[in-house]
Structure formats: structure tokens, C-alpha cells
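The values are calculated or read from the model by the stated rules, or taken from the named source; none is laboratory data. Every value quoted in this text rests on a predicted model; they were computed, and no experiment measured them. FYI the Cβ positions are ideal-geometry reconstructions off the backbone, even for glycines, and counts take in every protein chain you see.
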Amino acid sequence: MGRAERDGDAPGAVAGRVRFDKWLWAARFYKTRSLAAQAIDAGQARLAGARVKPAHVARIGDTISLRRHGIVVEVVVTALSDRRGSATEAAALYRETEASVAARESEEMARRQSLALQPRFAGRPTKRERRKLEDFLNEP
């Protein structure tokens, strides 16, 4: 019987320590551990602003920065888990910083505004739309 089993902790969460890739997976930032490890290796997930290996230990209070879809999200680890649970359980594992929330919301607003300014074309015009366009262009 291991120390974690005697203390009632989850296996792998010995003395408040969980692998970084496993925590990202349990917190539902990535669908699989291998995707989390790839993001860590690519530098898209950083621990305290520094690039680390997937086996690096994540601890409570650590700051994690994630770059997803061009947006940088900073979260603070509030709890550790090496098991993937529901979305509500995963949301309890971290807290997003206020600066990160403000930056993410402003980036999303800027994206929405740029999409609203771009013309929307549904593809090739129908026969009726072509006739209307020809009539409009052929008017004196």
C-alpha cells in the first residue's frame, strides 16, 4: 500500500504533486494527455512563464499560461487532480486571473467586430440572384 493510498489521496497526487500534462488534461484544457504534452513541448502551455517538460510537477498556487486560438489565458492552480472529472469539477481546479479575463474578452470583442465588418457571401449566387444582379447592372 502506497503513501497516497494510506493518506486517502488520489493515486499520483502524492503530497500535492501532479504532472503538468496530467493536470492540464484533468482540468479539461486538452482532450487527451498526449495533446497536453504536445502543447507543452510546443511552448503553448507554460508554467510560471517558463517552458517546462510535461512531467514537471504542478503545485497549488502555480501560474499557468495557455495560448489557444491566438488568445493567451492565464490561470492560477487552486486544486490538484490527476483524474478527469466533470466540467464543474475541472473548473474548480483553477481560477483565471482578472487581467486574463479582461484581455480575453477584449480580444473576443475585437474578433466579433472584425467579422461584422467583413462582407458575408453565401457562396455562388442563385439563378434568381444572378438575374437581379444583371438587371441592376444593365439599368441606364
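Residues of the stretch 1-37 that are over 16 Å from residue 92 (Cα atoms), among the basic types (Lys, Arg) and at pLDDT 50 or above: 17, 19, 31, 33.
Name the residue that is nearest to the chain's Cα centre (by Cα), counting only residues in the stretch 63-90 that are surrounded by 14 or more Cβ atoms within 10 Å (Cβ to Cβ) and touching a residue at least 60 places away in the same chain (Cβ under 8 Å). Restricting to residues being surrounded by 14 or more Cβ atoms within 10 Å (Cβ to Cβ) and touching a residue at least 60 places away in the same chain (Cβ under 8 Å), the top hit is 90. Taking the criterion of being exposed (fewer than 14 other Cβ atoms within 10 Å of the Cβ), under 14 Å from residue 23 (Cα atoms) and within 16 Å of the chain's Cα centre (by Cα), the only residue of the stretch 33-62 that qualifies is 34. Go through the stretch 87-114 and count every residue that is among the charged types (D, E, K, R) and within 30 Å of residue 17 (Cβ to Cβ). Number of matching residues: 5. Taken together, the residues in the stretch 58-94 that are among the basic types (Lys, Arg) and farther than 17 Å from residue 32 by Cα amount to 1.
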